Each structure stands twice: as structure tokens, then as C-alpha cells.
Amino acid sequence: MHNTWPGDLRLPELTVSTPPLEQALPVGPDYFAESILTGRPYPLKALITEGNPLISSANTNKVRAAFKKLDFYVYTGLFMEEAAYYADVILPVTSGLELDGVYMRRDDRAIRWQHAAVPRVGQSKPDWEIWIDLAHAFGRRDRKKPTSYWTDAFPQSWKDYSKLWAEFVKHTPAMGGMTQERMDARAEPLRWPCPSPSHPGVSTLYLDHPSWYEAAAALGAPGKRFLTPSGNVEIFTPELDRKLAASGHRALPVFYTHPEVTGANPTIAYEPGFVTNPVNPQAVTHKVRLGVPGSDAVHRDFPLMGMTGRPSVVHFASVTHWTPTGEQLNGIRLVQVHPDTARRFGIGDRDTVVVESPRGKVTGTALFWPAIRPDTIFVPNTFGPAQQVGDQFGDPRYEAANGLVDDGLYDNLSGQQAYKCFACRISKA
């Protein structure tokens, strides 16, 4: 991806010995619920989260059941969002306006140094301070390892973000030019990679230009335009094919789609056991079989295909829950539906509707949208049932749209969920 860091970020090597790492849950943000509820691949009993899984994760009802089963849960966040009500401990965090640090525009990799605009509120802390304090608390209570096992890995000095950032820059060659001092002195941000103080920052990743080749050398690929063994774009190699085959994939793609896509299409099936994820070997994953004959049986009761997403570019489901602008733009859930489809189900434009999938149902307001496919509807995420600013505008408190989404057929390499595909039906409320 154009905005994905092509290397790694490094801190100083640990000076203490650490136990061998066990393989983690399948990658992606949502498999934790499966582990809590079933114990596969191992039981998860305690959780600390950043964010709000009861809005962002697929299959909200399943996630809610998982939160109820946890032995211990710590919520870190700005507001009393849905997940906070299940917490044993709530740790308030600071907002971006209260922090010194780096800020990145996701669309073009541009980073600038920003200074806190307002003081912190109450006892709130940035995320990194919470983790440093947690490590030091473990160090005071650990009876098997010396305190330094924890404290040396998370020094108190890193609570000063300037010092933490300086360590990243010092130990990550491709970031060598992105010092706080340089960013502070610039009117325009810097684009990473940026390996030296004289480097202008890479405008376009993998561009045939000296600025990229200097960055590639810092990333451990001197003289290469692309960070592959051959230095070329690699679509197929025997090595890549063997690597992916262990998970059920091949280097050359096989067409398949989600089983809830309308029509009987080739689909996917999961093997019961786990294998090492070839793309993320620190984690396990399910092996899959691709091209399995599909069935349209689910569409007998749920004849349409739905997808979820942001209602507007300003909405990311956290801070925008609590801003008047976000509320005005996204406060009403407008369910996009083709006029012919709506009339087929007796629905008028701006009618209150219920959208139901095999996993749950949500409400919204029908918005006739001639450009959408007649077999498809769009359900925006909008806000969750714990939001409060909408009350001032008279907006409804909606159910989480991701309660409609299936979590069982995630992409076994990336962990991505099928937020853009679920069988559903729509009716007038």
C-alpha cells in the first residue's frame, strides 16, 4: 500500500533474556472474541483494549458475549463508549490535542511534529505512558524475575515523547532524517522514509528516483527499486507459491468470494486446525480451501447483500461521536437502497427501516439511491447506543451496524473481516 511502512520501527535491543515467544492469535482485530468464547487456539481470560470493539468489530452480538465472559477487562479511552461499560478498570487517555508528538496524514505518509494545544484533563495519560506504568507495576510485583526485566525494557524516560521518538529515529535507519528538531523547523511535513537530515523525504514509494534508492539502502535493499529478493515486482515465484500453499493460498490467485454474496459463487472453507501464518509467522491461522462450490440457500430468507462503512469522510467512530460537526453530518443512519428494491419491499424514501442479517438487526432511514445495485444495500456505521452528543440534536441511538457482519470467514492471511458483504433483508419498521 502507498501508506504502509515498508520496513520496521526499532528500539534498542533488550539487555535481559526473554522467554521464547509463543505464537499469537490469528492476526486481525476480531479473533479475540472467538478465543474468549471457545478457548481456540488458547483461552483468553483478560483483555486490555484501545478503541471500541463493540462498534468496530464484526458480529457485535458475539463480541458482547465475549466481553461478558471475560474474567478481567481494562478499557482505555477518551469517552464512556460501549466497551467501557464492561470494564473492571477504566483508564482515561489524553486526546491528540493534549499531546506533544508526531501526527501523520494517512493519505500521503506526511508526518509533522505537533505541540499540545491544551493541558491534559485530570488524571488522563497518553497510551504509551499507560504501558510504561503497567510494565513498572509488573516489575514491582514479579517474584520470578528481577525488576529490571520490566523497567529496562520500558524506561521512565520514554514518557517524554521527544526522547521516545529520538530512540526510534536513532535505531531505525530509514527514519534517520525525521528528527523532532527538523520537523519543528519546517512549515511543511516530511514524508517517510527519510533516512538522513539532508533527505527530502520520499514523495512516492518505489519511484525510480535517487530519493527512493537512498531510502531503499537504509531499508536494507541497496540498489533495489522493489524490496523483493530479485528487486523486481514479484507476482509469482516458486518460493512464494510454496510459502502460501501451507495456508491454502497460491501465489497466483484463485477466484473465490464470501458465501453470502448473492448467487452461487466459488467460495471458501476453513480447516479445523491451525497452521503458521506465512505472512505473519508470529501468529497462527486457519488453513483454507478455496474455490469450494457455493450455495445461494442463505438468500432464500435474506435475499439482499449488504455492506457497512463510514457515512462520511469525517467519521472514524471515536472522537467524531462527540463533535457537533460529526453528529450533524452522520447523526441519522441513511440506509442506501435502490428505488426498485425499496418498492419491491413496500418501502418509501425516508421511511424508517429494519435491516436484518443472520446475526442481528439494525434500524435506519431509507435513502433511495439509484446508483446502487438493486441486490445491494449500504448500512453506514454512524454511532453506537452509548453516544450522547446526538441527544442534543434529537438523533436516535442506533445499534452497531457491524452486528450484521459475519466474523467467521475472515481473510486468513491479513485478518481482514468481510465488512462489505453480508446476506440481509430490509423491511419497513
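Screening the candidates Ser230, Ser211 for the property of being more than 30 Å from Gln114 (Cα to Cα) and not assigned by TED's automatic domain parsing to the domain that holds Gly273 yields one hit, Ser230.
Looking at the structure I just gave you, is Gly403 under 20 Å from the mean Cα position of the chain (by Cα), crowded, with 22+ Cβ neighbours inside 10 Å and within 12 Å of Thr308 (Cβ to Cβ)? Here the answer is yes, as Gly403 does meet what is asked. With respect to (1) at positive phi; (2) under 29 Å from the mean Cα position of the chain (by Cα), the lone exception for Gly231 is condition (2). Can Lys287 be described as of a type outside the set (Asp, Glu) and under 30 Å from Val275 (Cβ atoms)? The answer is yes for Lys287. Would you confirm whether any residue within segment 380-395 is closer than 24 Å to Arg300 by Cα and part of a loop (DSSP other than H, G, I, E, B)? No, that holds for no residue. Which pairs have Cβ atoms under 6 Å, sit 6 or more apart or on different chains, and link a residue in segment 120-138 that is closer than 19 Å to Ser148 by Cα to one that is assigned to a helix (DSSP H, G or I) and of a type in the set (S, T, N, Q)? These pairs meet every condition: His136/Thr151. Among residues of segment 295-314 that are assigned by TED's automatic domain parsing to the domain that holds Asn381 and closer than 21 Å to Asn59 by Cα, those with a Cβ under 7 angstrom from a residue that is basic (Lys, Arg) and surrounded by fewer than 17 Cβ atoms within 10 Å (Cβ to Cβ), sequence gap 6+ or separate chain, pair up as Met307/Lys420. Can you pull out every residue in segment 39-74 that is under 12 Å from Ala87 (Cα atoms), loosely packed, with under 13 Cβ neighbours inside 10 Å and among the aromatic types (Phe, Trp, Tyr)? Answer for segment 39-74, where residues must be under 12 Å from Ala87 (Cα atoms), loosely packed, with under 13 Cβ neighbours inside 10 Å and among the aromatic types (Phe, Trp, Tyr): just Phe72. Looking at Asp395, is it acidic (Asp, Glu) and surrounded by 17 or more Cβ atoms within 10 Å (Cβ to Cβ)? So Asp395 fits the description; yes.
Regarding Tyr213, is this residue touching a residue at least 12 places away in the same chain (Cβ under 8 Å), hydroxyl-bearing (Ser, Thr, Tyr) and farther than 27 Å from Ala110 by Cα? No. Residues that are closer than 30 Å to Val284 by Cα and either over 19 Å from the mean Cα position of the chain (by Cα) or free of Cβ contacts under 8 Å to residues at least 60 places away in the same chain (or both) occur in segment 359-366; there is at least one. Among the residues of segment 168-191, those that are touching a residue at least 12 places away in the same chain (Cβ under 8 Å), touching a helix residue (DSSP H, G or I) at 6+ places or on another chain (Cβ under 7 Å) and either among the aromatic types (Phe, Trp, Tyr) or in a helix (DSSP H, G or I) (or both) comprise Phe168, Pro173, Ala174, Met175, Gln180. Restricted to strands (runs of 3 or more DSSP E) entirely inside segment 1-103, those with at least 3 residues that are touching a residue at least 24 places away in the same chain (Cβ under 8 Å) are 46-50, 72-77. Any idea which residue in segment 311-349 is modelled with the lowest pLDDT, counting only those that are among the small types (Gly, Ala, Ser) and either in a helix (DSSP H, G or I) or within 15 Å of Phe368 (Cα to Cα) (or both)? Across segment 311-349, the extreme among qualifying residues is Gly326. Scanning for something part of a loop (DSSP other than H, G, I, E, B), closer than 30 Å to Ala215 by Cβ and not basic (Lys, Arg), does segment 117-129 turn up at least one residue? Taking every residue of segment 117-129 in turn, at least one turns out to be part of a loop (DSSP other than H, G, I, E, B), closer than 30 Å to Ala215 by Cβ and not basic (Lys, Arg).
Residues of segment 151-163 that are surrounded by 17 or more Cβ atoms within 10 Å (Cβ to Cβ) and either over 15 Å from Ala137 (Cβ atoms) or β-branched (Val, Ile, Thr) (or both): Thr151, Trp158, Tyr161. The test for being in contact with a helix residue (DSSP H, G or I) (Cβ under 9 Å, 6 or more places away or on another chain), at positive phi and surrounded by 14 or more Cβ atoms within 10 Å (Cβ to Cβ) holds for Thr382. Entry remark, segment 13-38: residues being closer than 16 Å to Trp150 by Cα, among the polar types (S, T, N, Q) and surrounded by 10 or more Cβ atoms within 10 Å (Cβ to Cβ) number 0 in total.
Among all residues of segment 382-395, there is none that is in contact with a strand residue (DSSP E or B) (Cβ under 8 Å, 6 or more places away or on another chain) and without any contact (Cβ under 8 Å) to a residue 40 or more places away in the chain.
The values are calculated or read from the model by the stated rules, or taken from the named source; none is laboratory data. Fair warning: this is a prediction, and the values are worked out from it, not measured in the lab. No Cβ is skipped: glycine too gets one built from the backbone with ideal geometry, and neighbour counts run over all protein chains shown.
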